[in-house]
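The next block holds one structure in the form of C-alpha cells; read it before the comments.
Just so it is clear, none of the values below were taken in a lab; they were calculated from the coordinates. Just so we're clear, the structure is a prediction, and the values are computed from it rather than from any experiment. All Cβ positions, even for glycine, are placed from backbone atoms using ideal geometry, and neighbour counts span all protein chains on display.
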Amino acid sequence: MNLPLLEWAAARRALAEQAAVGVVGIDRGRGARFSGIVWDSETLVTAAEILRGADSVTVHTANDAVPAKILACDLSVDVAVLELKTGAPAISAAKPTSLSSGDDVLIAGRSDSAATIVWSHVEQVGPSWRSRSGGELDRLIRLSPGLHPTLEGGGAFDLEGRLCAMAVRGPRHTTLGIPSETIERVVTTVLQHGRVPQPYLGVRLQSVRLDDALRERLARKCTEAAIVVGVEPDSPAAANLLFGDLLLSIAGRPIDNPVDVKIALTRIPLGSPASVQVYRAGNRFDASVVIRERSDR
Amino acid sequence: MLPSSSASAATGNALVIRASGPHNAAVNPIVAAASATVRRELANLTQHAHFDVQAVAETPSELADFLRAAPRSWVVTGGALTGIRPFIESARAAAAPVVAVLSRRSDPEDRSALDYGGLAVLRASPNQETFQAAAIASRAGLSVWDPRLNSPGTSLDSVASPLSPRERRVLELTGTGLSTKAVGRQLGISPNTVKFHLRAAFEKLGVRSRAEALMAAIRRGELSV
C-alpha cells in the first residue's frame, strides 16, 4: 500500500466534497443546464450570458430542485445574481493576491443534482482587463481550456477550498475565471439597488480617425476618438454637448472610442457632476455633466 | 475510387461546363489569410459557393509557393485591408485572380490601388451569388468593386443595415439587464417577439451574444451611452 498517495487522494476528495457543498445545478429549461455558486444563505451567482434573458430558473442542490428568481444580470462582466434561501453558510473567497499561474484549482458544479468536479489549473493571472462585453474585470484569470458546458457558472476553488473565481467559457474554447472580487462588487450593488444601475449620459457616439495635425494639437497618442453623432433630448448631455463634439476624456479617464465612454461612466458616482473634456470647433474645454441612471424602468 | 463511367460520360458540352463550373478541381481556390479565424470563415464562404478549397496559405510567401506549383489557380483572401495587401501582391505577381473579402471595419480610402484586372473586392459577408459572380469575373480578368464599399466620407458600419427602432429599443432594455419577459412587458410585446427582434439585431451586428450586441451597437452609434 502506498500511503502518501492514498493520503493525497483523500485530501483531494475532501476538497472536492467541500467544494460540492458550495455549488448548485441550474436548469434554464429545454435541457439547458449549467452551474451556479452559493454566495451566501440567500444569494446565488451564475454566468449572466447563458441565462439568455430568463427571469427564473430551476436550481438543483444535492437533494432538492427549487425555482429561483433572477434578481439582476450584469452582462458586461457576465455575472447574474439569484435569490434563493438555502441557509447555506456564505462562501469564503480567496484573497485576490493568493492566486498565481500554474496553481491547481478544482472547478465544481452540478449537473441536475449530481456534483461535477474537474481538477484544472490556472494558466494565467494578470492585472485588471476589459472584456469584449465592455466590462472591467479586476483580474485576468485564465483556466485550462475546454470547460464542460454544465460547469459554466460553477466555482473555481483553491487548495484551501476558497472560491477564486466563477468559471465561464470564453472565445475559442478558452476558460475564463470571473474573479471573486468582481462577483462581490456586482452582488453588493444588486443587493443594495435591486438592479445593476446603468449610468446615462445620453449621447450616441462613433469612432473617428484623427489626422496627425489634430493628434499633435490635442497631444493624443491614440489615432481614434469618439465623436458625438446624436444627443438625446432631456438627457444629462442635452445641456452641454452638441452633435459633432469630440469627447477627449471623462472624469480624467481618456476616451479613445465609444466603449471607453460607457466604461468611464460606470466609475462616476450617480448624481454627481463629472467633467467631460470636449473638442469643439477648434477649442478645447471642460463641460460639466451630472450622470444619472438611465430611466427606462 | 471514382467510377470510370463518369469520366467517359464527360464529353463535349459536359466538359466545357465542368471546366468553368465550380466543381472542377482545377478551378478550386487557395484560401490565404494570416488569421486562423479568417481562414476558417473564408473556407466556409468558399464552400457555400460550391467551391472546394484547394490549399490554405498562412503567409504571402506560402501563397507565392502554391501559385508557382499551381499557376492556374485563384485566390480567396480576406481580413483588414493592411493585412491582405501582401497576399494580393503575391497573387498579382503570379497573375492569379483574387477575390478579397474586406472585414467590416476596413475602409479602403484609395480605390485606385485596388483597381486592376483579376481582382474582386467584396464587402464583409457577401452572399453566395455575389461570391460566385466575383469569382467568375475575377477569373475572366475583370475588376470587381462591391458598391457597398463605395461611400466616401461615411463609416461603413453605419451604412450596413441600421437597426430598426424596435430592435434598438429591445437591445437598449436588454442592456439594462432586464429579462426577455420584462423587456416584453415594458414594450407590450410577447417574449417571443423580443427574441425575434434580438436575433435580427444579432444578425445585423454580426454578433452572437447579448453583451457583444450591446458593444457593437454602441460602437456604431446606434445606442446611446
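Taking 31 Å as the limit for the C-alpha separation, the pairs A:LYS262/B:LYS204; A:LYS95/B:LYS181; A:LYS95/A:LYS221 exceed it in the case of A:LYS95/B:LYS181; A:LYS95/A:LYS221. Taking label points 7 Å from Cα along the Cα-to-Cβ direction, A:ALA65 and A:ALA213 give a separation of 7.0 nm. Between A:HIS121 and B:ASN44, what FRET efficiency comes out of the Förster formula 1/(1 + (r/R0)^6) with R0 = 41 Å and r the beta carbon distance, rounded to 0.05? After rounding, the FRET efficiency stands at 0.75.
Where the only charges are on Cβ atoms (+1 Lys, Arg; -1 Asp, Glu), what is the dipole of chain A about its Cα centre, to the nearest 20 debye? Using only the charged Cβ atoms, the result is roughly 580 debye.
For region A:107-141, list residues with backbone N below 18 Å from a point placed 7 Å from the Cα of A:LYS221 toward its Cβ? Answer for region A:107-141: A:127-130. Here is the list for region A:84-182: GluC sites (Glu not before Pro) lying in DSSP coil, each with at most 12 other C-beta atoms within 10 angstrom of its C-beta, are A:GLU160. Loop-located trypsin sites (Lys or Arg not before Pro) in region A:1-51 (DSSP state not H, G, I, E or B) with no more than 12 neighbouring Cβ atoms inside 10 Å: A:ARG30.
When the Cα positions of B:ILE88, B:VAL194, A:LEU176 are compared along the charge dipole of the protein assembly as shown, B:VAL194 comes out farthest toward the positive end, with charges on each C-beta of Lys, Arg, Asp and Glu. Dipole magnitude for region B:161-219: computed about the Cα centre from +1 point charges on Lys and Arg Cβ and -1 point charges on Asp and Glu Cβ, it is near 100 debye.
For region A:12-32, the residues whose backbone nitrogen is under 12 Å from a point 7 Å from the Cα of A:LEU159, taken along Cα to Cβ, are A:12. When shorter helices are ignored and each DSSP H run of at least 4 residues is given -39500 (n - 2.57), the per-residue value for the protein assembly as shown at 222 nm works out to -9000 deg cm²/dmol. Restriction of the trypsin sites (Lys or Arg not before Pro) in region A:136-195 to DSSP coil positions whose beta-carbon has at most 11 other beta-carbons within 10 angstrom yields no sites.
Taking the Cα centre of the protein assembly as shown as origin and charging only Cβ (+1 Lys, Arg; -1 Asp, Glu), how large is the dipole, in debye to the nearest 20? It would help to have the intermediate numbers written out before the result.
Working: 58 positive and 52 negative charges, 197 e Å.
It works out to roughly 940 debye.
With all pairs of different C-alpha atoms in the average, the Kirkwood value for the hydrodynamic radius of the protein assembly as shown is 26.2 Å.
Give, in nm to one decimal, the length gained when the segment between B:ARG199 and B:ARG92 is fully stretched (0.36 nm per residue of separation minus the Cα-Cα distance). Walk me through the numbers before you get to the answer.
On the way: separation 107, 0.36 × 107 = 38.52 nm, distance 4.03 nm.
Net length gain for the segment: 34.5 nm.
Take the Cβ atoms of A:SER295 and A:ARG132, set R0 to 30 Å, and the FRET efficiency comes out at 0.60.
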